[in-house]
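Structure record follows, encoded as structure tokens.
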Amino acid sequence: MVKLKTVIGTEVHVQLASASKLFCSCPTEKYLEVPANSLVCPTCSGQPGSKPAGVNEEILGKVVQIALALSCKVVTNEPIYVRRKHYFWPDLPSGYQRTSLPVAIDGELAGVRIRECHLEEDPGRYDLRTGEVDYNRSGIPLVEIVTDPDFTSPEHARQFLEELGAILEYLNAARVEPGSTRVDANISIEGHPRIEVKNINSFKGVVTALSFEETRQRNLVKHGVTYGQETRHFDEGRGITIGLRRKETADDYRYFPDPDIPPLIVTPAMVEKLAKQMPELPRQKRARLAKQYGITAEEAYAICLEQEYADAFEKIAKKTDAKIAARLMRGMLKKQLNWRNRSFKQSKLTPELLCELLQMLSTSEVTEKVGEQLLIEFLDHGRAPRANAQKQGLLGVHGGDELLAVVEKVIAANPKPAADFASGKPEALHFLAGLVMRETKGMASPTQAQEMLRKALAKK
Ligand SMILES: [Zn+2]
């Protein structure tokens, strides 16, 4: 059977973190929580005769930093026009959306080419069911990141968006509220019509929408059904896409430069200054941590997805075994955080508390099983790991004389397996280690128990 290739490209819209809207001074804080239409002025509600203010330089700077983090070439010393994109929809009171020409072009992230990054304003929100319109969101600045169709699977798109999310977090450049990110994706089976999926409202939704579309299109192709290019809408609740309308072409929008807004100009000096203000980004941090602490690329990747998590790792690596910390931070800890859908920052785990837990684990004071239980009890009930372990008597059997006493007792009570091991039967050691674990109620470290047994038996 011929292997059909999936081709995916995306347009990612992210709300930029900014105190005021793009072309007026209306605040953007808590725009979802305040009453509808309470954060508006004549400009952002498109009233006749209103004039937009010029683009705030801080907002433009954020787009430049995002573009630099995506290895893009910033367009300098050239007028970047803000254009009007015309269409009629109740969420757009002026009848057009303002969107700039590319601020930067030709970047790359996760093996995907970035075609361009530009600035645009968000439309308002229109509820199709009630007919209500809310212009609180109208005019909030967005960056649009357009990729080439380089994704080969929904999973590839997930990885790209995960990395993009990390970059935006490091740069402190974007909002993280629900609905602050919207993705349009085009997906096709090579040689077949291109389908655009509109308005996917979260990075998570992208994978669901694309997986659904990939399967749907493959089935059509497999059964020889012909279909045309179209735009589909993603229904997040049901996890499916629905046919919407014939695909629009760029010409339908009648773009032209907005005569009210002077073109943006970025100078090389501005780019240089903005570049200097950027923190170490995930890509560089991953490479440095792997080299400096001898941890694997996968561990460094997982740790660097959140800036505070990476900072915590570095603090902890100075006090305890960095390799053990990295393994547990990529594995057990990430698993428990993901399961609760919480970031490290949201978990209230401080580097000190995490270090306390990892130290108990790296010195085998507690087993990984007990360590995970202590972690869960912290995440769910806020119990500090060490104090909790002491209170529950979980630090009882660890290394030292206590474990040695158990080991000797087990050897004395089982002379046959002990003799078997001495005569070259390694499986006898596992049997004895199992007895030690049973005797200590699973609180000893299995590796340490085996190690001690080996030493004790060698002396006989
Ligand atoms: Zn306004």
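Normalised by the number of residues in the chain, the average gap of Cα pairs under 8 Å and 6 or more apart makes the relative contact order 13 percent. Going by neighbour counts of Cβ atoms within 10 Å, the residues Val34, Val197, Val133 line up, fewest first, as Val34, Val133, Val197. Local charge for Gly111 was computed over the other residues whose Cβ lies under 12 Å away, with Lys and Arg +1 and Asp and Glu -1, and equals -3. Placing unit charges on the Cβ atoms only, positive for Lys and Arg and negative for Asp and Glu, gives the range 308-460 a dipole magnitude near 240 debye about its Cα centre.
Is there a quick way to get the dipole size of the chain? I mean about its Cα centre, with the Cβ of Lys and Arg at +1 and of Asp and Glu at -1; what is the value in debye to the nearest 20?
Values: 63 positive and 60 negative charges, 261 e Å.
Charge dipole of the chain: 1260 debye, to the nearest 20.
Report the one residue of Leu32, Val74, Tyr87 whose Cα lies farthest in the direction of the positive end of the charge dipole of the range 27-113 (charges on C-beta: Lys and Arg +1, Asp and Glu -1; origin at the Cα centre). With unit charges placed on the Cβ atoms, the residue in question is Tyr87.
For the range 223-293 and the range 88-133, what is the separation of their Cα centres, given in Å? Using only Cα atoms, the two centres lie 9 Å from each other.
What is the dipole size for the range 6-275, taken about its Cα centre, with +1 at each Lys and Arg Cβ and -1 at each Asp and Glu Cβ, in debye to the nearest 20? Could you put the intermediate results ahead of the total?
Numbers: 30 positive and 38 negative charges, 108 e Å.
It works out to roughly 520 debye.
Angle of helix 400-413 to the longest C-alpha principal axis of the chain, folded into 0 to 90 degrees and rounded to 10: 60°. Cross-link reach is defined here as a Cα-Cα straight distance under 28 Å, omitting same-chain residues fewer than 8 places apart; for Lys409 the lysines meeting it are Lys369, Lys391, Lys425, Lys441, Lys455, Lys459, Lys460. Need the list of aspartates and glutamates near Lys3 for cross-linking: C-alpha distance under 13 angstrom, and skip anything on the same chain fewer than eight residues off. Filter leaves Glu190.
With the charge dipole of the range 281-381 set up from +1 on Lys and Arg Cβ and -1 on Asp and Glu Cβ about the Cα centre, the Cα lying farthest toward the positive end among the listed residues Ser364, Leu374, Gln336 is that of Gln336. For Lys276, a cut-off of 28 angstrom between C-alpha atoms picks up these lysines, skipping any fewer than 8 places away in its own chain: Lys21, Lys62, Lys73, Lys285, Lys291, Lys315, Lys318, Lys345.
When the Cα positions of Ser202, Thr130, Ile145 are compared along the charge dipole of the range 121-204, Thr130 comes out farthest toward the positive end, with charges on each C-beta of Lys, Arg, Asp and Glu. Mean separation of Cα pairs under 8 Å and 6 or more residues apart, divided by the residue count, gives the range 1-140 a relative contact order of 24 percent.
Ordered by the count of other Cβ atoms within 10 Å of each Cβ, fewest first, Lys334, Lys285 give Lys334, Lys285. As a size descriptor, the averaged projected area of the C-alpha convex hull of the chain was calculated at 29.7 nm². For the chain, the share of DSSP beta bridges that are antiparallel, to the nearest 5, is 95%.
Counting every other Cβ atom within 10 Å of each residue's Cβ, Arg175, Arg286 order from fewest to most as Arg175, Arg286.
Only the coordinates and a few stated rules stand behind these numbers; no lab work does. Just so you know, these numbers come straight off a predicted model, no measurement behind them. Heads up, the Cβs are rebuilt from the backbone with ideal geometry, glycines too, and the neighbour counts pull from every protein chain shown.
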